[in-house]
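Below you'll find the structure, written out as structure tokens, and then a few comments.
Each value in this text was obtained by applying a stated rule to the coordinates, not by laboratory testing. Source: prediction; values computed, not measured. Note that each Cβ is placed from the backbone with ideal geometry, even for glycine, and that neighbours are counted across all protein chains shown.
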Protein chains: 2
Amino acid sequence: MLLRALYFGGPATRNDLSAATGLSPATVSTMTGDLLSENVVVEAGQVDSDGGRPRVVLRVNPAYGYAVGVDVGETQVSVELFDLEMTKLARAHYAVRSARHDPELVARHILAGVDTVIAESEVPAERVLGVGVGVPGIVEPGPDALVRAKTFGWEAVPLGALLRAGTSLPLFVDNGAKTMGQAELWFGSGKGTRDAIIVLMGSGVGGTVVTDGQIYRGAGKAAGEVGHLKLVAGGRTCRCGARGCLEAYLGAEAILDRGGVVADSADEEAALARLLDEGSPVIAESVELLGVGLSSLVHLFNPERIVIGGWAGLMLGGRMLTEIRAATAANTQAQPFQPETIVLGRLGPDAVALGAATLVLEPFFQGAAFQGAVSTIA
Amino acid sequence: MLLRALYFGGPATRNDLSAATGLSPATVSTMTGDLLSENVVVEAGQVDSDGGRPRVVLRVNPAYGYAVGVDVGETQVSVELFDLEMTKLARAHYAVRSARHDPELVARHILAGVDTVIAESEVPAERVLGVGVGVPGIVEPGPDALVRAKTFGWEAVPLGALLRAGTSLPLFVDNGAKTMGQAELWFGSGKGTRDAIIVLMGSGVGGTVVTDGQIYRGAGKAAGEVGHLKLVAGGRTCRCGARGCLEAYLGAEAILDRGGVVADSADEEAALARLLDEGSPVIAESVELLGVGLSSLVHLFNPERIVIGGWAGLMLGGRMLTEIRAATAANTQAQPFQPETIVLGRLGPDAVALGAATLVLEPFFQGAAFQGAVSTIA
DNA sequence: AGACCATAATCTAAGCCTTGAAAAAAGTCA
DNA sequence: TGACTTTTTTCAAGGCTTAGATTATGGTCT
């Protein structure tokens with residue numbers, strides 16, 4: 001709890017921490033004493049006080065531990081190593097021909113990448129807290145971390161089991177949209193909110209729902225699938241098989257298709273940019289539909305903030321944010337709704353690995369820290 | 001925490017409680033000792049154990065305290081008094097001509113009702129824990145409990161303030177759909193679930209979202225407005241002003257309207273029953289639309305259970321539950337989804353007051369209990 | 001019946017966490 | 001330097017929880 005306050009509240013003095021956590025100064029003092037002697041936190045200068053003893057500023061020691069984040073994407077597997085402050089120290093990169101998403105190959109890439117980044121960054125291996133992996137599709141909770149990813153043709157791939165065979169580091173596997181959402185929540189536009197929704201528009205559409213400061217996962221850990229919120233009963237067929245899904249209208253692929261543009265996945269970005277430049281009517285329509293979808297989310301979740309991210313989301317939102325806000329407000333009349341609730345993501349589209357690395361920190365904040373190699377899966 | 005386990009886990013022995021709460025038998029023993037001497041819990045018989053000392057069964061003392069629940073409805077204000085086990089002990093009832101919903105009149109009815117039920121049930125007044133009020137519309141949190149209810153023409157009625165002027169009992173004001181949802185959650189079809197959605201279809205449509213065993217209220221306490229989830233972008237105009245809302249298709253009023261039936265609010269039930277008997281195509285269409293809406297909810301919340309309640313919901317679901325499940329499943333393909341997730345409410349349409357009374361118990365479980373007359377508003 | 005066994009509940013002393021109050025530390029200012 | 005201010009630490013006390021021992025209450029076996 002103290003660690004949390006210090007990590008998210010930035011460097012702070014013992015007094016600040018006492019105010020932030022509600023603990024007494026005495027307790028903060030003894031606890032920070034322990035943390036200092038364990039080297040989890042370090043001193044970082046002083047601040048003069050008016051007339052009294054100067055306050056010592058404390059912060060989390062970025063070098064106390066390290067986290068590996070993995071982004072398993074459509075065309076590549078990228079593995080990154082971060083310190084506790086999430087400064088990127090090393091990166092490994094493996095192209096995957098989009099036809100072949102052999103689970104074992106992906107697992108080998110990940111394992112090789114983990115070794116590479118640890119070696120390259122010259123970080124002591126025993127200081128690595130764990131490996132977080134962001135994958136497309138739904139991850140079934142459990143020690144095997146079964147992954148279902150339509151786009152990869154993965155039906156029930158036990159990625160957790162595959163990886164555990166090759167490393168003794170704690171493992172955390174989660175949906176890529178969720179890891180990216182967590183990144184926005186901790187370090188991006190969602191920072192400081194307790195009730196937020198992060199909508200990620202890329203080729204498809206994913207999302208993260210934050211309730212009470214935490215990602216909401218629901219009973220089967222599959223909540224937050226904003227892409228399959230229905231916009232039009234009986235509408236366009238989605239790749240999930242159902243009809244009228246948001247993704248079937250507002251994924252980049254769908255927008256292009258609706259605009260009559262043929263583009264393979266490498267060209268999608270340029271093609272979407274062109275539609276925007278042209279001021280195609282499909283864009284206005286998309287804004288309107290996005291407003292409808294967001295208004296549903298507002299009524300259901302009443303969030304403090306809605307973050308639009310993902311490359312397509314940033315592209316669309318970058319030019320049409322005002323219109324998106326207006327369209328949402330027009331469909332949200334029952335309650336006082338501030339359009340400023342809707343903002344753009346700040347981390348860019350490559351935050352999946354960053355977010356995946358943050359998964360590793362959860363047990364660290366619980367006070368776990370290096371309790372041997374207990375592999376757990378989110 | 002112990003009280004919670006005992007209340008929801010039914011009568012239990014100290015050993016059961018130890019297992020349920022994770023506390024040691026010693027702790028349970030000392031704490032139940034306190035609770036017994038305070039008369040909050042009482043002994044309720046014994047169970048033989050195979051070969052050892054028999055276990056003493058404990059339960060919450062229903063007569064330890066009482067709660068008043070108020071249902072402010074379209075045509076009447078009803079005030080009910082319950083003991084801790086939520087057995088109804090008394091009821092007072094005031095007709096309100098639907099034209100006039102003068103806030104002060106409603107407040108006077110409520111206050112009179114509270115006095116009446118306490119007198120009638122001959123319960124000691126100092127044993128009444130508080131008054132919960134369920135109202136239509138959105139309640140703004142705060143000491144005044146500002147109520148916005150379109151159907152009543154209430155813009156910002158400070159119901160909490162009005163009532164506080166007439167009673168010193170702790171007050172809790174909340175949306176009627178939420179109180180009813182809480183009733184289903186605690187005592188009805190939602191019992192035992194931690195992630196559930198309760199959809200209440202009456203003349204309009206309301207809802208309650210349960211996350212981690214608690215009603216989710218969102219940043220502005222207005223979450224869970226299932227009625228304004230959009231089903232059809234650009235569709236029928238809702239009374240909220242927006243278009244394509246679920247309520248504009250699936251409220252009883254809307255279903256009848258779509259079926260070309262003219263009925264005033266008193267006849268709605270009979271009229272809807274007639275449509276069902278006739279096998280009107282509007283019904284099949286409604287089932288399909290409900291399936292679309294529920295599938296959106298499944299994707300967003302991934303609930304353990306969906307409860308359909310409210311008089312119209314019970315009527316429709318009573319005959320078409322299988323079809324509703326099928327329609328939902330047809331729109332929910334991305335993840336393993338069990339149609340049995342969807343069930344009917346068990347408490348009937350009159351549970352608003354019951355649910356409102358449960359609002360009073362929250363502080364009781366926090367260990368508050370008769371700490372003077374600290375009026376708080378949910 | 002009496003020895004013995006099994007299970008439930010309680011008692012006791014110890015450990016841990018937190019805190020208020022007092023003391024110590026580290027400055028400023030006159 | 002000494003008075004004063006503010007931050008930090010120390011210390012003893014209080015509260016909560018628990019492991020382990022003890023007591024309570026019954027059954028079973030010879």
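A point 7 Å from Cα along Cα→Cβ stands in for A:E285, and the other copies hold the same point at 2.3 nm, listed in rising order. What separates the Cα centres of region A:119-161 and region A:237-258 is a distance of 27 Å. When both bridge partners sit in chain B, DSSP labels roughly 65% of those beta bridges antiparallel. Across identical copies of the chain, A:S37 has label-point separations of 3.9 nm, listed in ascending order, with the point defined 7 angstrom from Cα along Cα→Cβ. Taking trypsin sites (Lys or Arg not before Pro) in DSSP loop conformation with at most 12 other Cβ atoms inside 10 Å as exposed sites, chain B has its longest uninterrupted site-free stretch at B:101-378.
Measuring between their Cα centroids, region B:293-350 and region B:1-58 lie 37 Å from each other. The value of relative contact order for region A:146-198, using C-alpha pairs under 8 Å at least six residues apart, is 18 percent.
With 44 Å as the cut-off, how large is the P(r) tail for the protein assembly as shown, expressed as percent of Cα-Cα pairs? In whole percent, the long-distance tail amounts to 32. Which entries in A:K88/A:K150; B:K150/B:K221; A:K178/B:K178; A:K150/A:K221 show an alpha-carbon gap greater than 20 Å? Among A:K88/A:K150; B:K150/B:K221; A:K178/B:K178; A:K150/A:K221, the Cα-Cα distance tops 20 Å for A:K88/A:K150; A:K178/B:K178.
For A:E38 and B:E120, the FRET efficiency from 1/(1 + (r/R0)^6), where r spans their Cβ atoms and R0 equals 60 Å, is about 0.40. Legend: mean number of C-beta atoms from other chains within 10 angstrom of residue C-beta atoms, peptide B:298-308, equals 6.
Sorted fewest first by neighbouring Cβ atoms within 10 angstrom, A:E247, A:E43, B:E323 come out as A:E43, B:E323, A:E247. Ordering A:L361, B:L89 from the fewest to the most neighbouring beta carbons within 10 Å gives B:L89, A:L361. If you fit an axis through the alpha-carbon atoms of helix B:176-187 and take the longest principal axis of the Cα set of chain B, what angle between them do you get, 0 to 90°, nearest 10? So the inclination is approximately 50 degrees.
Across peptide B:215-224, the mean count of Cβ atoms from other chains lying within 10 Å of each residue's own Cβ comes to 6.
Projected onto the charge dipole of region B:11-100 (+1 at Lys/Arg Cβ, -1 at Asp/Glu Cβ, origin at the Cα centre), which of B:L81, B:A20, B:V42 gives the Cα projection farthest towards the positive end? Final value for the positive-end residue is B:L81. Is region B:89-222 best put as rounded, prolate or oblate by its Cα gyration tensor, with a ≥ b ≥ c the root eigenvalues, rounded for a/c under 1.5, and otherwise prolate when a/b is larger than b/c, oblate when not? Oblate is the answer for region B:89-222, as a/c is 1.5 or above yet b/c matches or exceeds a/b. For chain B, the longest principal axis of the alpha carbon atoms and the long axis of helix B:103-121 meet at an angle near 40°. In this structure, the amide hydrogen of B:T13, modeled 1.01 Å from its nitrogen in the peptide plane, lies closer than 5 angstrom to those of B:L58, counting only residues at least 5 positions away or on a different chain. Label positions at A:V262 and A:E74, each projected 7 Å from the Cα along the C-beta direction, are separated by 1.7 nm.
Contact order, relative form, for chain A: 17 percent (alpha carbon pairs under 8 Å, 6 or more residues apart, mean separation divided by residue count). Looking at region B:29-132, the pairs of alpha carbons with a distance over 17 Å make up 61% of the total.
When only Cα pairs below 8 angstrom with a gap of at least 6 residues are kept, region A:174-268 shows a relative contact order of 20 percent.
If the chain linking A:A326 and A:T237 were pulled fully straight, counting 0.36 nm for each residue of separation and taking away their Cα-Cα distance, it would gain 29.3 nm. Evaluate E = 1/(1 + (r/R0)^6) for A:F365 and A:R55, where r is the Cβ-Cβ distance and R0 equals 35 Å; express this FRET efficiency to the nearest 0.05. E between A:F365 and A:R55, to the nearest 0.05, is 0.90.
For chain A, the alpha-carbon radius of gyration amounts to 1.05 times the rule-of-thumb value 2.2 N^0.38 Å expected for a compact globular protein.
Basic side chains Lys and Arg get +1 at the Cβ, acidic Asp and Glu get -1 at the Cβ, and with that the dipole of chain A about its Cα centre reaches some 580 debye.
For GluC sites (Glu not before Pro), the sites in region A:77-127 that DSSP calls loop and that have at most 13 other Cβ atoms within 10 Å are A:E85, A:E122. With a cut-off of at most 11 other beta carbons within 10 Å, and DSSP calling the residue loop, which GluC sites (Glu not before Pro) in region B:276-317 qualify? Please list them. Taking region B:276-317 and a limit of 11 other Cβ atoms within 10 Å, no loop GluC sites (Glu not before Pro) are found. A quarter of the convex hull surface defined by the alpha-carbon atoms of region B:242-365 gives 9.6 nm² as the mean projection. Label-point distances for B:G260 to the equivalent site in the other copies, using a point 7 angstrom along Cα→C-beta, read 3.8 nm when ranked shortest first. Counting only Cβ charges, +1 for Lys and Arg and -1 for Asp and Glu, the dipole size of region A:112-158 around its Cα centre is about 240 debye. In this structure, the amide hydrogen of A:Q333, modeled 1.01 Å from its nitrogen in the peptide plane, lies closer than 5 angstrom to those of B:A242, counting only residues at least 5 positions away or on a different chain. Magnitude of the charge dipole for region B:93-179, about its Cα centre and with charges confined to Cβ atoms of Lys, Arg (+1) and Asp, Glu (-1), is about 280 debye.
In this rough spin-label picture, where each label sits 7 Å from Cα along the Cβ direction, the A:R91-A:R319 distance is 2.7 nm. 3J(HN,Hα) couplings calculated from phi for region A:27-44 with the Karplus curve 6.51 cos²θ - 1.76 cosθ + 1.60 (θ = phi - 60°) are, in sequence order, 4, 4, 4, 5, 5, 5, x, 4, 4, 5, 6, 7, 6, 6, 10, 9, 7, 9 Hz; Gly and Pro show x. Expressed to the nearest 5 percent, the antiparallel share of DSSP beta bridges inside region B:114-273 is 75 percent.
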